[in-house]
Amino acid sequence: MAAAGLFAPLANAQYDNVDPYMEVNRKIYGFNQSLDGLVFKPVTETYDFIMPTFAKRGVTNLFNNLDDINVVLNDLLQLKMSNALHDSSRFFVNTTIGVAGIFDIATGLGLYKNFEDFGQTLGYWGVPPGPYVVLPLLGTSNVRDAIGQIPDYMFNPVFWVDNTETRFFLYSFHNIDTRLFYMAAESMVSGDEYIFVRDAYLQRREYLVADGEVYDQWDDF
């Protein structure tokens, strides 16, 4: 999906009833942004400056490969057997030939990355998203996806690492890698930042849960 499609805000009227806690959400969003400006963004900018491009790509590939375990699990929970075969093949190729996923060999073979998580699985089986919420530190979500983060966290291989220092190190790098991805999209934000981010999140989650088959309410005009 093009980046513009991921972050283009929808008409506010479409989400009139999904953000009943806007006042609280805005305060938490403001807190998250302040903390980000003080800690996470400077750390990420330093990481971006000192790390060679190939090393940053390797880190991204590594965490994408670990995420594919969750993707395969959620493929199976959604009974998407063809996708499960595709994604497990991708994981096998990158884990072996790609040296634990540091090199993304699978994409070059046509095994492109898919995105599935437990929030999408709940949505696939008809669980409604519930109200939009902003979580302290964790950011934008809805009630369904917030619940879905628990099994996603538990089935992430990083969670299985016994050594506390190693686990903290891996989570830190994962968070920095994720923050670096969103830095590239910051220039696209316009207008009310809170509304823009909220609508972009809701649009993307609707797209992912529906596997891209989203009805455009403006088609009739």
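Some notes on this structure:
- Residues of region 167-203 with amide N under 15 Å of the 7 Å Cα→Cβ point at TYR153: 168, 171-172, 175
- Computed log₁₀ I(q)/I(0) - Debye formula, equal Cα scatterers, no solvent, region 73-140, q 0.18 Å⁻¹: -0.78
- Paramagnetic reach from ARG57 in region 104-131 [backbone N under 18 Å; point 7 Å along Cα→Cβ]: 104-113
- Here the extension length gained between VAL143 and ALA100 equals 12.1 nm, from 0.36 nm per residue of separation less the Cα-Cα distance.
- Between the labelled values (i) -0.32, -0.60, -0.92; (ii) -0.37, -0.64, -0.90; (iii) -0.31, -0.61, -1.03, the entry that holds log10 I(q)/I(0) by the Debye sum over Cα atoms at q = 0.08, 0.11, 0.14 Å⁻¹ as derived from this structure is (iii).
- If the chain linking ASP192 and THR46 were pulled fully straight, counting 0.36 nm for each residue of separation and taking away their Cα-Cα distance, it would gain 49.8 nm.
- Partner lysines for LYS56 [C-alpha distance under 20 Å; skip if fewer than 8 residues away on the same chain]: LYS41, LYS113
- Compared with the direct C-alpha span, the chain from TRP160 to LYS27 gains 44.5 nm at full extension, assuming 0.36 nm per residue.
- The amide H of LEU135, built 1.01 Å from its N in the peptide plane, has THR140, SER141 as neighbours under 5 Å, considering only residues 5 or more places off or on other chains.
Computed from the coordinates by the stated procedures, all read-outs in this text should not be read as laboratory data. If you're wondering where the values come from, they're calculated on a predicted model, not measured in any experiment. Here the Cβ is made from the backbone with ideal geometry for all residues, glycine too, and neighbour counts use every protein chain on show.
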